[in-house]
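The structure appears below as structure tokens.
Values quoted throughout were computed directly from the atomic coordinates according to the rules given, and no laboratory measurement underlies them. Small disclaimer: the values here were computed from a predicted structure and weren't measured. Every residue, glycine as well, gets a Cβ built from its backbone with ideal geometry; the counts of neighbours run over all protein chains shown.
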Amino acid sequence: MISLAHRESGSHSSGGRPLVLLHAFPLSSAMWLEQREILGRSCRVITPDQRGFGGSPLGEDPPSLAECADDVLALLDRLELETVVLGGLSMGGYVVMELLRRAPERVSALILADTKAAADSPEARDVRLRTAESVEQEGAAQLAEQMLPALLGRTTMERRIAVAGRVRGLAAAAPAAAVAWACRAMAERPSSFDVLSATSVPVLVVVGDQDTLSPVDEAQAMVDALPHGRLAVVPEAGHLSAVEDPEVFGAAVTAFLDELER
Ligand code: MLT
């Protein structure tokens, strides 16, 4: 277990509920910049850097998303937070589901964005393991360029030049060792439909309608498995819906959180 660096906004003392948001691969907590502002108006928003990314060390543990979930649990302990609303986008969502498997009592509600509950197919797993090897040999710079059209929707690639530039920079900053570790950890992850079916907490599932990595049907499959799940679709956004259309993403999360208060 390692001690995660994190960024915060909003205030707990002003009544804002604690909301922890876990970032996508191969980015960092910097991807939540706009959500720290938007959701920080009503919540204490806590955005950790997952191990190896941003300001967090990689550590020596073998690759596993269970380690990432334990890192987040240790952060909650350090911040003295008994329960939180926990959200994650893509890889962040995988870690949310792993934490739910290990410590369901620590979450009061969940946000699963542009992610999926299914395990990798054998082919997808092989691609991840090959990516880990090539990144270790050649560095991660090329991967950022290759991944960009998959991370972003076609509308963003065509029209939101500044967003594409920012995401390219964030992905290029990822250390090769962290990228390789995360690829191997994601390749090992089990299906999480069982933990979703067993959860009693409310869950908001968000997806960009142009997401090709975790498309709308994967989001719908999670909603179908959840006893208390609901779907919000972000139009004209891809895999990084929270970055591509922060206002619409933030409004969907705010409406969900407001309803929890009632
Ligand atoms: C992510 O955005 O975190 C990754 O695309 C997740 C994945 O590769 O499955």
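Alpha carbon centre of the range 187-231 versus the range 97-170: separation in Å? If we compute the Cα centre of each part, the gap is 16 Å.
Measuring how big the range 175-230 is from its alpha-carbon positions, Rg and Dmax come out at 13.9, 39 Å. When the Gaussian network model of the chain links Cα atoms closer than 10 Å, the mean-square fluctuations of THR115, THR83, THR47 top out at THR83.
Find the all-direction average of the projected area of the Cα convex hull for the chain, expressing the result in square nanometres with one decimal place. Before the final figure, lay out the partial values.
Values: hull surface 49.1 nm².
Average projection, Cα convex hull of the chain: 12.3 nm².
Largest mean-square fluctuation among MET97, MET147, MET31, in a Gaussian network model of the chain whose springs join Cα atoms under 10 Å apart, belongs to MET147. Under the convention that each Lys and Arg Cβ holds +1 and each Asp and Glu Cβ holds -1, the size of the dipole of the range 1-125 around its Cα centre is about 360 debye. Compared with the alpha-carbon gap, the fully stretched path from ARG130 to ARG41 is longer by 27.8 nm at 0.36 nm per residue. Ellipticity at 222 nm from helices only: DSSP H runs of n ≥ 4 in the chain, each -39500 (n - 2.57), divided by the residue count, give -14500 deg cm²/dmol.
Between the beta carbons of ALA198 and ARG154, assuming R0 = 51 Å, the FRET efficiency works out to 0.90 to the nearest 0.05. For the range 88-184, the list of GluC sites (Glu not before Pro) that fall in a loop by DSSP and count at most 12 other C-beta atoms within 10 angstrom is empty. For ALA255 and GLN137, what is the calculated FRET efficiency with R₀ set at 45 Å and r taken between the beta-carbons, to the nearest 0.05? After rounding, the FRET efficiency stands at 0.45.
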